[in-house]
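Structure, as structure tokens:
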Amino acid sequence: MVCHGEHTYLFAQAIMSILAQEEQGGSAMRRIAQEVQRFAHEKGHDASQITLALGTAAAYPRACQALGAMLSKGALNPADITVLYKMFTSMDAPPVELIRVPAFLDLFMQSLFKPGAKINQDHKHKYIHILAYAAGVVETWKKVRCNSSSKCVSLFYLFFIVLAITVFWL
């Protein structure tokens, strides 16, 4: 039912994105969201832009553009890999969750380990570095508690945003 249409997919992913931030059950919810995304991809729907918009990618437009292009095409691009490599080797690297999209990691696995796959040797170390970074880096985040004086996005507010987007698309 979640992949019935764009609106139901967007609404479900938005809800799962909020629930994935919870300490208890957050990782399970994130995994369910990834499986829903994989199912949509298998059915021929390109949901990569929605996935990136709901994550932390929106705060990093260059990374979002590079990731979106590769996910939409279903292939890695040396120019986009170079953009990501420069970003993730800088002192102010984006969050690692940005490149932990299962579809993106699958592209790396196919490019690096599939027999007969050819990678430009000048860029191979960049591919390996990004894959190793995604697999090995651990980040810890403090959860922000909402109180009456803080400005936190509530599920109710998110519901109205998704509803407004849905009405706009109709």
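The values are calculated or read from the model by the stated rules, or taken from the named source; none is laboratory data. Treat the numbers as computed from the prediction; the structure is a model and nothing was measured. Heads up, the Cβs are rebuilt from the backbone with ideal geometry, glycines too, and the neighbour counts pull from every protein chain shown.
A few remarks follow.
- Members of region 71-92 found to be surrounded by 16 or more Cβ atoms within 10 Å (Cβ to Cβ) and among the small types (Gly, Ala, Ser), listed by number: none
- Counted residues, region 37-49 - those being surrounded by fewer than 18 Cβ atoms within 10 Å (Cβ to Cβ) and touching a helix residue (DSSP H, G or I) at 6+ places or on another chain (Cβ under 7 Å): 3
- Candidates are the residues of region 100-133 that are of a type in the set (Lys, Arg) and assigned to a helix (DSSP H, G or I); the one that is nearest to THR89 (Cα to Cα) is LYS126.
- Only one of the numbered conditions (1) without any contact (Cβ under 8 Å) to a residue 12 or more places away in the chain; (2) farther than 21 Å from ASP106 by Cα; (3) surrounded by 13 or more Cβ atoms within 10 Å (Cβ to Cβ) is violated by ALA53, and that is (2).
- Complete set of residues in region 25-39 that are farther than 25 Å from PRO94 by Cβ and part of a helix (DSSP H, G or I): PHE39
- Test: residue in region 40-61 that is modelled with pLDDT of 90 or more and assigned to a helix (DSSP H, G or I): no
- The set of residues in region 134-152 being under 25 Å from ALA93 (Cβ atoms) and modelled with pLDDT under 80 consists of VAL138, GLU139, THR140, TRP141, LYS142, LYS143, VAL144.
- Single condition GLU22 does not satisfy, out of (1) over 25 Å from HIS125 (Cβ atoms); (2) acidic (Asp, Glu); (3) in a helix (DSSP H, G or I): (3)
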